[in-house]
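The values are calculated or read from the model by the stated rules, or taken from the named source; none is laboratory data. Everything numeric here is computed off the predicted structure, so don't read it as measured data. A quick note on method: Cβ atoms are made from the backbone with ideal geometry, for glycine too, and the neighbour counts reach across all protein chains shown. Please note that ligands, DNA and RNA were not included when accessible areas were found on the heavy atoms of the full protein model with its side chains. Shrake-Rupley method; radii C 1.70, N 1.55, O 1.52, S 1.80 Å.
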Amino acid sequence: MNLSFKNRIAFFYLIATAMMVALVFIAIYLVIYNRVMSDIEYALNYEAIRHQKEIVIEGGIIRFVNRTEMEEREHRDVEVSPIFIQLVDPNGSVTDRSPNLKEGRLAFKRDAMRSLEQDDVLNGKRIRQLQIPIVDEGKLVGYIITAISIENSHQLLVTLRQLLLVMYPIVLLLLFGVTRWLAGKSIVPVKTILSTTNRITESNLNERIPLPEQKDELHQLTASINQLLARIESAMDREKQFTADASHELRTPLSVLRGTLEVLLRKPRSPEEYIDKIGLSIKEIDRMHHIVEQLLTLARFDHPSKTPVYSYIQVCDFIQDLIQRQQINWSEGNVEVVVSCPKQLQLNTDPGLLEVILDNLLSNAVKYSPAGSRIRIEVKEDPQVSISIIDQGVGIKQDDLDKIFQPFYRSDALNHKNIKGTGLGLSLVQKACDLLSIDLTVESELNKGSSFTLRF
Ligand code: ADP
């Protein structure tokens, strides 16, 4: 069944209450029924015992002592529920009976010691009767049968039953209506959440769902959706910023390239000038190529399918190879790199990703260090393997320490214009560290040096 949330709550509640109300109604009916019946039985018992004192046994036959007094009493008392008495011998033949019985006979049950007959009918009226044996000198002489009309009680029970049966669906209908209304009221915040979330698009991502006053599950749900929106918004902002920065970074070398070529076109130049300008253009193309390469690597790292491929490496050999490959690019006597590494130390890692990390950290250390300074690469294994790259370079401002990992962010770029960079290196390092679950920390002091540590 395709019920709305509101109707579903009301329907489930109705099923539960239908069972409960039915139980309560049955309980009410049974309590009243038992009460009425026990009253009748009490009256029957009382009358039977009372009339037992008003009988005599003459020659083995039981009779009423004073029939005339009995008749008078019946006339005197206006009886709502008249008592019928019948005296019978052991075979069931009537020996005497109360005047109000007229032509009627009460049913007899042979050999019954003491029995309470269920409802019988006398002159078209419902009665209940009690049969008690009369014993004289150890011999059964007959029975006294007492009966009482239960017409009124029966009528009362029938009316009660009909009333409960009519009330049952009415109560359920009312309960369904009330529950539906209450359920509707309690899902108002859900409707607010729905209408706000439906309204939110890329252009109004800053909008938030108003928090419900009640601090309940809906409040938590709203807060969670708001937090999710905030995360999406900041991810979108980062994405936009990234695209803007990337376009800007690529536009700069393109403008330089265009400017250089235009200058060359304006008039004929000497071969030296052509060589110079073409050299400059190639440098700009290389720079663009480098940015595009880094952007592609970043995109690859971000792709969900990018998972590390682990294998064992000899850490010291790995670092030495890296230094040798980089050394070609360092100008003569620029820096001194000192490595301290426990021999034979092996590491299970993705060599490609580790190369990206160490390559960028080492080239930064070299790039941001003055000529002749020393760079230390310290590898430790106590008990966790860690690699630190420590330089004595320009250092990084404390405020910038958490920003330098953002794409295109260059700390104090204007203060060292001669040091070329894209601001993408550390973003790549951070992404690769995330993929390998490496803890990357940085400590730095301006004009003293920086230290980047990887903990595996
Ligand atoms: P870049 O291409 O600019 O070097 P990175 O992402 O590698 O880009 O570094 C971001 C910024 O962090 C750099 O611009 C620089 O300001 C700072 N930085 C990184 N490494 C060092 C270092 N070893 N010493 C001083 N500053 C550093």
For S386: the one exception among (1) open to solvent by 90 Å² or more (accessible area, probe 1.4 Å); (2) more than 12 Å from the ligand (Cβ to nearest atom); (3) among the polar types (S, T, N, Q): (1)
Could you look through segment 423-444, keep only residues that are more than 39 Å from the chain's Cα centre (by Cα) and either more than 9 Å from the ligand (Cβ to nearest atom) or over 29 Å from Y310 (Cα atoms) (or both), and pick out the one that is surrounded by the fewest Cβ atoms within 10 Å (Cβ to Cβ)? E443
Kindly establish whether V178 is within 30 Å of R35 (Cβ to Cβ), out of contact with any helix residue (DSSP H, G or I) (no Cβ under 8 Å at 6 or more places or on another chain) and among the β-branched types (V, I, T). no
List the number of the failed condition for S451; all other conditions in (1) more than 37 Å from the chain's Cα centre (by Cα); (2) without any contact (Cβ under 8 Å) to a residue 60 or more places away in the chain hold. (2)
Subset of segment 212-223 [polar (S, T, N, Q) and either open to solvent by less than 60 Å² (accessible area, probe 1.4 Å) or under 14 Å from T196 (Cα atoms) (or both)]: T222
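A quick yes/no check of all residues on (1) closer than 11 Å to V335 by Cβ; (2) surrounded by 15 or more Cβ atoms within 10 Å (Cβ to Cβ); (3) more than 9 Å from the ligand (Cβ to nearest atom); (4) of a type in the set (S, T, Y):
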{"site": "G372", "(1), (2), (3), (4)": "yes, no, yes, no"}
{"site": "K380", "(1), (2), (3), (4)": "no, yes, yes, no"}
{"site": "Q392", "(1), (2), (3), (4)": "yes, yes, yes, no"}
{"site": "F405", "(1), (2), (3), (4)": "no, yes, no, no"}
Residue selected from segment 131-171 under the condition aliphatic (A, V, I, L, M) and under 16 Å from D96 (Cα atoms), by the criterion nearest to the chain's Cα centre (by Cα): A147
The residue from E262, E272 that alone is at pLDDT 90 or above, open to solvent by 90 Å² or more (accessible area, probe 1.4 Å) and assigned to a helix (DSSP H, G or I) is E272
Being open to solvent by less than 20 Å² (accessible area, probe 1.4 Å) and more than 8 Å from the ligand (Cβ to nearest atom) is the filter; apply it to segment 445-456 and report the residue that is nearest to S388 (Cα to Cα). T453
If the requirement is being aliphatic (A, V, I, L, M) and either touching a residue at least 60 places away in the same chain (Cβ under 8 Å) or touching a strand residue (DSSP E or B) at 6+ places or on another chain (Cβ under 8 Å) (or both), which of these qualifies: I375, I419? I375
When the residues of segment 281-327 are narrowed to those that are hydroxyl-bearing (S, T, Y) and either in contact (Cβ under 8 Å) with a residue 60 or more places away in the chain or in contact with a His (Cβ under 9 Å, 6 or more places away or on another chain) (or both), which ends up least open to solvent (accessible area, probe 1.4 Å)? T297
Single unsatisfied condition, E202 versus (1) open to solvent by 50 Å² or more (accessible area, probe 1.4 Å); (2) outside the structural domain of D286 (by TED's automatic domain parsing); (3) free of Cβ contacts under 8 Å to residues at least 24 places away in the same chain: (3)
Would you check if R97 is in the same structural domain as R128 (by TED's automatic domain parsing), at pLDDT below 90, open to solvent by 80 Å² or more (accessible area, probe 1.4 Å) and more than 60 Å from the chain's Cα centre (by Cα)? no
Condition first: open to solvent by 60 Å² or more (accessible area, probe 1.4 Å) and touching a residue at least 12 places away in the same chain (Cβ under 8 Å). Now tell me which residues in segment 12-31 satisfy that. Y13, I28
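Here's the yes/no breakdown for (1) within 8 Å of the ligand (Cβ to nearest atom); (2) modelled with pLDDT of 90 or more; (3) crowded, with 17+ Cβ neighbours inside 10 Å:
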| position | (1), (2), (3) |
| --- | --- |
| V339 | no, yes, no |
| T349 | no, yes, yes |
| L361 | yes, yes, yes |
| Q398 | no, yes, no |
| D412 | yes, no, no |
| N415 | no, no, no |
